[in-house]
1. Could we say that residue 279 is touching a residue at least 60 places away in the same chain (Cβ under 8 Å), over 26 Å from residue 105 (Cβ atoms) and in the same structural domain as residue 81 (by TED's automatic domain parsing) here?
2. From the set of residues in the stretch 297-326 that are in a loop (DSSP other than H, G, I, E, B) and modelled with pLDDT under 95, which is surrounded by the fewest Cβ atoms within 10 Å (Cβ to Cβ)?
3. Suppose the filter is in the same structural domain as residue 95 (by TED's automatic domain parsing), under 19 Å from the mean Cα position of the chain (by Cα) and assigned to a strand (DSSP E or B); does residue 264 pass it?
4. Within the stretch 362-369, can one find any residue that is touching a helix residue (DSSP H, G or I) at 6+ places or on another chain (Cβ under 9 Å), closer than 23 Å to residue 75 by Cα and in a helix (DSSP H, G or I)?
5. If you take the residues of the stretch 243-256 that are under 26 Å from residue 99 (Cβ atoms) and surrounded by 15 or more Cβ atoms within 10 Å (Cβ to Cβ), which of them is modelled with the lowest pLDDT?
6. Would you mind telling me which numbered condition in (1) surrounded by 18 or more Cβ atoms within 10 Å (Cβ to Cβ); (2) touching a helix residue (DSSP H, G or I) at 6+ places or on another chain (Cβ under 8 Å); (3) farther than 22 Å from residue 257 by Cβ residue 88 fails?
7. Among the residues of the stretch 179-186, is there at least one that is modelled with pLDDT under 95 and not in a loop (DSSP other than H, G, I, E, B)?
8. Would you point out the residue of the stretch 187-210, among those that are outside any loop (DSSP other than H, G, I, E, B) and touching a strand residue (DSSP E or B) at 6+ places or on another chain (Cβ under 8 Å), that is surrounded by the most Cβ atoms within 10 Å (Cβ to Cβ)?
């Protein structure tokens, strides 16, 4: 039978369905023994592409149909307009404050590889708000069998079913943060100076100071005898704690200005389980499912160029304006797409020839073009490797340069 969504503060009650930790200390109660899990997620590498779904709209289905063949041209990733919270938010995992009710849900998650894979078995969606102190994230994860085992902070949380946040405030594809959480409100926060594919190493010592998180289960945790409905996640991420993720921080700190965009994505890791002895365990030999908000087109969340957009608005949110809002088109998106094509072609060339190409013609790429380009893209050798430079003219007539280098870092402006 479906659970009743009973609520107990941390450390109280019989079934531990609610977990609240307003600081970095995560001490959880587990009332059912679950077999320890081993092994690590293998991240496969595949070709790059980037696709847009926008806010949920009448055009969403038509856009999603294009995800089958994303390499045919640039389509921007998904986007979400994030309004100021219209009232106080108490982080308890329920998402029932008036402020949350005025925030629109995102589109439902899809498979990490896009439309080439089946739709996820269970619905996942998110919503966001902000104020001068926090970025608030709420998530709802449908799940008939809610379970969790990990209780140690900074454990490898995706060994359980989990919800994950990836965030890059300045959008350069380097120096970004990751936050994972399971139903027991156990968290893992880490910083990547650059993606793993470019030699990046996770900084587990990085902490989101002042982070508030809570989870709520509409059902019972670790009880296979009944059917659950969903579990919820609520986060308040202090903006000041993200300052290390942005190369240039203004005098007002990391408080976003009206219309500012960051890159962000969300992932849900889901394992197939069985319960032959009255307790959940992962089915041996089955890989995890990876469901995401903005498709990655390969089983690898560490390709920040495909993450979605969060656009901050100073206006206070309402259900109407949130649902009707469209994220402003990223003027750099098409050029970044072309430069990223060069990056992956260079990686392939180096693998095949043990050296980077010194001329674009060696990469045999076609359609390296965009209406904003002023002249052809230039490929330059550097002491560290190479960089591709594109001179662009925007709608206001101003010209600037965009570049990508051998480490996949994307920058705008003079070198």
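1. Values: touching a residue at least 60 places away in the same chain (Cβ under 8 Å): yes; over 26 Å from residue 105 (Cβ atoms): yes; in the same structural domain as residue 81 (by TED's automatic domain parsing): yes.
In short, yes.
2. Filtering the stretch 297-326 for residues in a loop (DSSP other than H, G, I, E, B) gives 297-303, 307, 317-318, 325-326.
From what is left, the residues that are modelled with pLDDT under 95 are 297-298, 317-318, 325-326.
Details: 297: 22, 298: 18, 317: 25, 318: 15, 325: 20, 326: 11.
Taking the candidates together, the pick is 326.
3. On the way: in the same structural domain as residue 95 (by TED's automatic domain parsing): yes; under 19 Å from the mean Cα position of the chain (by Cα): yes; assigned to a strand (DSSP E or B): yes.
Yes.
4. First, the residues of the stretch 362-369 that are touching a helix residue (DSSP H, G or I) at 6+ places or on another chain (Cβ under 9 Å): 362-365, 367-369.
After this cut, where a residue has to be closer than 23 Å to residue 75 by Cα as well, the list is 363-365, 367-369.
When the remaining residues are screened for being in a helix (DSSP H, G or I), the result is 363.
For the stretch 362-369, residues touching a helix residue (DSSP H, G or I) at 6+ places or on another chain (Cβ under 9 Å), closer than 23 Å to residue 75 by Cα and in a helix (DSSP H, G or I): present.
5. Restricting to residues being under 26 Å from residue 99 (Cβ atoms) and surrounded by 15 or more Cβ atoms within 10 Å (Cβ to Cβ), the top hit is 254.
6. Unmet condition: (1).
7. There is no residue in the stretch 179-186 that is modelled with pLDDT under 95 and not in a loop (DSSP other than H, G, I, E, B).
8. Step one: of the stretch 187-210, the residues outside any loop (DSSP other than H, G, I, E, B) are 187-192, 196-198, 203.
Adding the requirement that they be touching a strand residue (DSSP E or B) at 6+ places or on another chain (Cβ under 8 Å) leaves 187-192, 203.
Working: 187: 23, 188: 22, 189: 25, 190: 18, 191: 19, 192: 23, 203: 15.
Here the residue is 189.
The values are calculated or read from the model by the stated rules, or taken from the named source; none is laboratory data. Quantities reported herein were computed from a predicted structural model and do not represent experimental measurements. Note that we place each Cβ from the backbone using ideal geometry, even for glycine, and neighbour counts take in every protein chain shown.
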